[in-house]
1. Does A75 satisfy the condition of being aliphatic (A, V, I, L, M), closer than 18 Å to D5 by Cβ, surrounded by fewer than 18 Cβ atoms within 10 Å (Cβ to Cβ) and free of Cβ contacts under 8 Å to residues at least 24 places away in the same chain?
2. Going by what's in this entry, would A6 be described as modelled with pLDDT under 95, in contact with a strand residue (DSSP E or B) (Cβ under 6 Å, 6 or more places away or on another chain) and aliphatic (A, V, I, L, M)?
3. If you go through the stretch 101-112 one residue at a time, do you hit one that is modelled with pLDDT under 75, assigned to a loop (DSSP other than H, G, I, E, B) and touching a strand residue (DSSP E or B) at 6+ places or on another chain (Cβ under 8 Å)?
4. Among the candidates T91, T48, single out the residue that is modelled with pLDDT under 75, of a type in the set (V, I, T) and in a helix (DSSP H, G or I).
Amino acid sequence: MTDDDALRALAEPRRRVILRLVARDELSAGEIAGAFEVSRTAISQHLTVLKNAGLLTERRAGTRRLYRARPEGLAGLREFLDDMWAGALDTAKRLVETDRGLSDGGEKVPHAG
């Protein structure tokens, strides 16, 4: 299960909705299917993709299969996005400081002219 697997799984909008549903509560496949106007077979396929990507856990309770989000399945993506966000913030800060004439140490840089 790689970050690429998670990204591919989450590229489908219904899977993102499913993940949000099971992030709040453990739900059966039937309960999840009830939130959509698609067949249970289609939902089952979506659940399989999410499970194979490491984003869901499945447990059996009698004849039912219950699904819950697996937050650690998103850890790699979160780390990637956090790194990208931090880099973007650093770049924005440098641009603002440069525009204001500040040095790296926060001191005013005299303008030639």
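The values are calculated or read from the model by the stated rules, or taken from the named source; none is laboratory data. Note that the structure is a prediction, hence the values are computed from the model and not measured. Backbone-built Cβ (ideal geometry, glycine too); neighbour counts: all protein chains shown.
1. Details: aliphatic (A, V, I, L, M): yes; closer than 18 Å to D5 by Cβ: yes; surrounded by fewer than 18 Cβ atoms within 10 Å (Cβ to Cβ): yes; free of Cβ contacts under 8 Å to residues at least 24 places away in the same chain: yes.
Taking the combined requirement at face value, the residue satisfies it.
2. Values: modelled with pLDDT under 95: yes; in contact with a strand residue (DSSP E or B) (Cβ under 6 Å, 6 or more places away or on another chain): no; aliphatic (A, V, I, L, M): yes.
Taking the combined requirement at face value, the residue does not satisfy it.
3. Step one: list which residues in the stretch 101-112 are modelled with pLDDT under 75, which gives 101-112.
Add one more test, that the residue is assigned to a loop (DSSP other than H, G, I, E, B), and what stays is 101, 103-107, 109-112.
Filter once more, so that each one left must be touching a strand residue (DSSP E or B) at 6+ places or on another chain (Cβ under 8 Å): 101, 109.
Within the stretch 101-112, one or more residues are modelled with pLDDT under 75, assigned to a loop (DSSP other than H, G, I, E, B) and touching a strand residue (DSSP E or B) at 6+ places or on another chain (Cβ under 8 Å).
4. On the way: T48 fails: modelled with pLDDT under 75.
So the residue among T91, T48 that is modelled with pLDDT under 75, of a type in the set (V, I, T) and in a helix (DSSP H, G or I) is T91.
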